[in-house]
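I have placed the structure first, in the form of C-alpha cells, so that the comments after it can refer back to it.
Derivation of every value follows stated rules applied to the coordinates shown; laboratory data play no part. Not measured: the values here are computed from a predicted model. Glycine gets a Cβ as well: all are built from the backbone with ideal geometry, and neighbour counts include every protein chain shown.
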Amino acid sequence: MINVMFRRLFTTTIRNPHDNPLGLPKNNSRPAPQIPRRAGGIEPKRSIPNVHHVLLVSSCKGGVGKSTIAANVATALSLLPSRRLRVGLLDLDIFGPSIPTLMGLKHAQEPEVSTSSGALLPVTNHAVPTMSMAYLLPRSQGSQEDTPVVWRGLMVQKAVQQLLFQVDWSFEGKYPPLDVLVVDLPPGTGDIPLSVGQLVKVDGTILVSTPQDVSLSDTRRGISMLRKLEIPLTGIVLNNAYYLCPTCKDPNPQYIFGPPASFHNTARSLSLPVLAELPLVPGVSISGDRGVPYMLIASQDEDGKGSTQWRDRMKAVVSQTWEDIQAKRKARESS
C-alpha cells in the first residue's frame, strides 16, 4: 500500500503531498505536531509515543562515523548487563540514510502499517527495532540504494514529523515501550535537527567528531545550535582518534589524523564531557558494510588491541550515557 503511494508521489503530481509525504493511511490516529510558527506561539515539546527516553547522535560534519556510532550505541545499550533495555534506532537522515545498511536491513521489505492506528511498524534486526526513510523509497531492482529523495524543506519537515510521531514502537501493544530511542541525526544545522529540537523532549545527545579542525569547527556550530534549542548534551566522542598496529606486540598510538589536542581544547572550552577516544579499527567499517554492528562481532585477531579498546570504550560510553539519562530523570521527578 505504502509502496503504491510512494510510486505516485515520486512519479506524478498528487494533491497536497506536503500533508502526507510518507503516504500513511488517512485513518492515522496519531496526528503529528506542527512546526512552531512565529505568529502562533511555540508548541510544547512532546514525548514520542511508546518511548521513555530519546538519545540523539549528532556530528554536524558528514563522514565522521556518526551513523556507525549510532548503530553501535543502540546495540551496546541493548546489551547492558545491569538492565535488559529495550532500544530502538531511528534514522532521520532523510537524504542519505545509512542505518538499514549498518543493521543488515538494506533489502528489507517496506514496513507494515498498524491496522488500528495507521502508524508504521518498525523493521527489526539484531533485536533492535529500526525505522528509516530508506524503507519507504521505491525499489529499483530490489534495492532502494539508487533512489534519491529530491524534496524541498516543507516535505522534509513533514516526513520528519511522521517518522517521529507516527511509528508504533510497541508493535500494536505486543511489546512494552522503548527504554531508549537512539536517533541518528543528519549532518548540519538545518531543518531536521531544528524540527527535532522544537518538537521532541530529548534526554541526551552524543556528539561525534574526528581530530581534524575542519570537523571540530562544524561540531562547535552544532553544539551552539543544540544549546540554543535547550537540548541536553551528554558528551562528545572522538572517533578515529588514533591507530594501533594490529601485529605489533606493544603498539604505540599513531595519530594519523592529527593529535587530539585541538579536540580536548574544544571540549574544555565548551564545558563538554569527553566520553571516549575511539581508535581507528578496520573491522568496524567491514562489519558495518556487512550489516552487523561491531559490538556484536567476536573479538577480531586481525584488529589487534584496537578491537578490545574500541569495544571497552563503547561500553563505557553507553554506561555513562544511561547513568546520565537516569540521573536527569530522577532530578526531574524530585523537582
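Key figures for this structure:
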{"item": "Relative contact order, percent, the chain [alpha-carbon distance under 8 Å, six or more residues apart]", "result": "23"}
{"item": "Dipole magnitude of the chain, debye to nearest 20 (Cβ charges: Lys/Arg +1, Asp/Glu -1, about Cα centre)", "result": "920"}
{"item": "C-alpha long axis of helix 153-165 to longest principal axis of the chain, angle in °", "result": "80"}
{"item": "Sorted by Cβ density within 10 Å, fewest first, the residues 245, 60", "result": "245, 60"}
{"item": "Within the range 181-264: Cβ-based charge dipole about Cα centre, in debye rounded to nearest 20 (Lys, Arg +1; Asp, Glu -1)", "result": "140"}
{"item": "Contour excess over end-to-end distance, with Cα ends at residue 154 and residue 290 and 0.36 nm allotted per residue", "result": "45.5 nm"}
{"item": "For the range 264-335, convex hull volume per residue from C-alpha positions, Å³", "result": "120"}
{"item": "Convex hull volume of the range 103-250 per residue (C-alpha atoms, cubic angstrom)", "result": "188"}
{"item": "Helix-only mean residue ellipticity at 222 nm for the chain, each DSSP H run of n ≥ 4 adding -39500 (n - 2.57), per residue, nearest 500", "result": "-10500 deg cm²/dmol"}
{"item": "Principal axes of the range 213-313: Cα extent on each, largest first, Å", "result": "45, 29, 21"}
{"item": "Globularity index of the range 224-272, i.e. its alpha-carbon radius of gyration over 2.2 N^0.38 Å", "result": "1.58"}
{"item": "Backbone N under 19 Å from the residue 84 label point (7 Å along Cα→Cβ), restricted to the range 258-298", "result": "296"}
{"item": "Taking 95, 165 and counting other C-beta atoms within 10 Å, the order from fewest to most", "result": "95, 165"}
{"item": "Efficiency of FRET between residue 271 and residue 127 - r from beta-carbon atoms, R0 30 angstrom, step 0.05", "result": "0.25"}
{"item": "Disulfide-incompatible cysteines by the Cβ rule (no partner under 4.7 Å) in the chain", "result": "60"}
